[in-house]
Amino acid sequence: MGEKKSLRETYGKTLVNLGKIHNDIVVLDADLAKSTKTELFKKEFPERFFDMGISEADMIGTATGLASAGFKCFCSSFAMFLTGRVYDQIRNSIAYPHWNVKLVSTHAGISVGEDGASHQCIEDIALMNVIPGMTVLCPSDSVMTEALTRELYEYESYAYMRLPRNDLELLYDEKDSFGIGKSFVHKIGADITIIACGAMVSVAKNTLLRFQSMGIDAGLVDMYSIKPLDSKTLEEVLSKTKGLLVAEEHSVIGGLGSSVAHFASEKKPIKMSFVGIEDVFGESGTPDSLFEKYNLTEEAILKKGKILYDSF
Amino acid sequence: MKKEMLIQKSKESRIEILKMVYNASSGHVGGAFSAIDIMVYLYFYKMNFSKENFTSPDRDRFVLSKGHASAALYSCLGLKGIFPKEEFSHFRKINSMLQGHPSRKTTPGVETSTGSLGQGLSFANGCAIGLKMKKINSKIYCIIGDGEINEGQFWEALMTSSRYSLDNLRVILDYNHLQIDGHIEEIKNPSPSVKRFESFNFHVIEINGHDFDEIDRAFTEADTVQGKPVFIIAHTVKGKGVSFMENNVNFHGTPPKKEEFEKAMKELENG
């Protein structure tokens with residue numbers, strides 16, 4: 001396994017770099033700046049940083065007011081408190097009036113670990129997906145996180161990006177390009193193509209050779225832009241592969257899997273399988289033990305992939 | 001202050017509000033009538049906000065946090081010529097510029113969308129902070145409903161207003177004592193209101209929200225306050241201006257019937 005790097009650390013550093021060039025960027029947090037790493041921006045630009053305290057609803061609203069005054073706002077907190085807690089504020093105060101506010105969560109998914117289910121947001125993608133016009137991003141490594149943070153600054157609308165608590169393996173380098181509505185094709189499999197996002201991309205990547213040794217030609221697409229989906233690439237995948245296996249650190253309901261299934265069922269119905277959190281809450285434990293127990297593993301992908309392959 | 005002109009504008013606004021809600025067979029008359037005198041004072045006298053400058057960065061801003069009083073907002077914007085008065089007849093109908101609750105994307109002059117209660121003050125705070133950062137000397141006026149302050153976000157926002165010493169912000173409480181399910185005192189009593197808002201480090205002024213002399217006194221005093229946000233407790237009457245609608249919770253969100261409409265129009269026209 002390659003070098004690992006913190007996505008939230010990269011997010012914080014990228015905000016600082018953006019802040020050095022652009023005077024109109026402001027950052028808001030809700031008493032979690034140390035964890036979300038927006039504190040890096042706070043240290044550099046205290047006059048453009050607002051710690052709203054433990055009041056996420058007020059943070060969202062304040063950001064919309066700042067946006068109306070011409071600022072580009074980034075709001076951060078844990079995924080749990082940045083989405084579910086303030087769903088109505090995001091829908092009615094940001095999206096409906098169409099304010100340029102970016103929501104970047106950290107500690108998304110079950111890999112939050114020891115804090116347990118109250119802090120393990122496995123439904124944020126679903127919640128954000130259904131908001132009209134919302135962009136939803138889930139990067140899989142540090143390089144991509146920097147590129148997407150920069151793209152979010154330029155993007156003149158509202159958007160949500162989720163980051164994990166733990167470090168993820170470096171998958172890309174500066175030559176690779178990423179954007180809203182794009183994806184990164186590692187390989188299109190003749191038998192199975194795995195569509196993954198976030199932490200599940202590196203897990204899925206490790207299964208490709210193992211599939212090969214089983215006589216299955218498997219591919220992988222990093223579908224980090226969950227909304228809008230990269231429809232061009234997905235159509236290409238659908239024309240070249242026999243089955244799709246979607247893997248995500250999120251509930252199997254309403255996430256990347258649901259979006260891809262929706263797309264495929266209209267364009268070209270295809271056999272599909274889903275690796276994600278089944279309809280249950282998580283619990284305390286180390287991130288590795290949680291991934292193991294809740295089937296976010298290479299083995300889970302291989303098992304479901306084999307069943308999918310056998311059904312062709 | 002041109003008091004006679006404001007009294008006349010209030011009368012015109014009430015008539016337009018009543019017609020809008022009657023035509024639409026839906027909408028909120030009671031809470032629009034309780035807030036309209038303050039809104040007329042702001043839109044037709046106090047605020048730097050006109051057909052010519054309503055998108056300019058240095059305009060004063062009005063936020064109707066109690067978005068259900070949308071007809072009151074539309075009457076002011078329409079009578080100011082921000083959009084044609086003909087739009088009034090489309091209120092709450094399909095393809096209309098005038099949505100049931102204020103929508104920034106569809107209605108010129110609406111600063112932000114409101115309707116889900118308790119969210120307007122946070123927006124107003126952000127606006128006030130942003131304008132200070134840009135060294136724009138405009139004022140932000142935000143009307144809050146007294147039922148709306150049941151919402152927790154409002155209290156979060158109050159702490160933000162004083163934390164950032166937003167002396168360019170005036171929060172106005174439309175204190176008409178009624179919410180859909182009854183008397184606010186019987187649901188979540190905000191009394192003692194003056195002490196409560198003073199304790200949040202606001203400069204508090206108490207007025208009769210239907211008396212233009214008192215309204216003018218309050219907003220003039222507000223302009224002298226430095227380093228603190230201003231909170232104006234406006235004692236108002238729900239349904240003010242039509243005798244049988246006053247203090248009658250049945251006219252919160254129920255449109256008047258034909259005979260009620262005709263009777264109310266007569267009262268307003270003769271008032």
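Summary table below
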{"item": "Qualifying residue in segment A:100-116 (condition: within 14 Å of chain B (Cβ to nearest Cβ) and either touching a helix residue (DSSP H, G or I) at 6+ places or on another chain (Cβ under 9 Å) or in contact (Cβ under 8 Å) with a residue 24 or more places away in the chain (or both))", "result": "yes"}
{"item": "Scan of segment B:122-167 for residues that are among the polar types (S, T, N, Q) and either within 11 Å of chain A (Cβ to nearest Cβ) or within 14 Å of B:Glu111 (Cβ to Cβ) (or both), ordered by number", "result": "B:Ser122, B:Asn125, B:Ser138, B:Gln153, B:Thr160, B:Ser161"}
{"item": "Residue in segment A:161-176 that is touching a residue at least 60 places away in the same chain (Cβ under 8 Å), crowded, with 24+ Cβ neighbours inside 10 Å, of a type outside the set (Lys, Arg) and closer than 23 Å to A:Val237 by Cα present", "result": "no"}
{"item": "Residue in segment B:148-159 that is of a type in the set (Val, Ile, Thr) and either within 27 Å of B:Ser75 (Cα to Cα) or assigned to a loop (DSSP other than H, G, I, E, B) (or both) present", "result": "yes"}
{"item": "Candidates A:Glu146, A:Glu151 - the one that is without any contact (Cβ under 8 Å) to a residue 40 or more places away in the chain and more than 12 Å from the chain's Cα centre (by Cα)", "result": "A:Glu151"}
{"item": "Answer residue from segment A:125-134, given it is touching a strand residue (DSSP E or B) at 6+ places or on another chain (Cβ under 8 Å) and surrounded by fewer than 24 Cβ atoms within 10 Å (Cβ to Cβ) and is farthest from A:Ile253 (Cα to Cα) among those", "result": "A:Met134"}
{"item": "Every pair of residues 6+ apart whose Cβ atoms lie under 6 Å, when the first sits in segment B:252-271 and is touching a residue at least 40 places away in the same chain (Cβ under 8 Å) while the second is among the basic types (Lys, Arg) and part of a helix (DSSP H, G or I)", "result": "B:Leu268/B:Arg14"}
{"item": "Scan of segment A:117-143 for residues that are without any contact (Cβ under 8 Å) to a residue 60 or more places away in the chain, hydrophobic (A, V, I, L, M, F, W, C) and in a loop (DSSP other than H, G, I, E, B), ordered by number", "result": "A:Ile131"}
{"item": "Enumeration of residues in segment A:44-70 that are part of a helix (DSSP H, G or I), in contact (Cβ under 8 Å) with a residue 12 or more places away in the chain and not hydrophobic (A, V, I, L, M, F, W, C)", "result": "A:Glu44, A:Arg48, A:Glu56, A:Gly61, A:Thr62, A:Thr64, A:Ser68"}
{"item": "Extreme residue, farthest from A:Ser68 (Cα to Cα), among residues of segment A:80-91 that are within 10 Å of chain B (Cβ to nearest Cβ) and crowded, with 22+ Cβ neighbours inside 10 Å", "result": "A:Val86"}
{"item": "Segment A:206-215, subset surrounded by fewer than 21 Cβ atoms within 10 Å (Cβ to Cβ) and in contact (Cβ under 8 Å) with a residue 40 or more places away in the chain, residue farthest from A:Ser259 (Cα to Cα)", "result": "A:Met214"}
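FYI, it's all coordinate maths here, none of it is from the lab. This one's a predicted model, so the numbers in the text were calculated from it and none came from an experiment. Note that we place each Cβ from the backbone using ideal geometry, even for glycine, and neighbour counts take in every protein chain shown.
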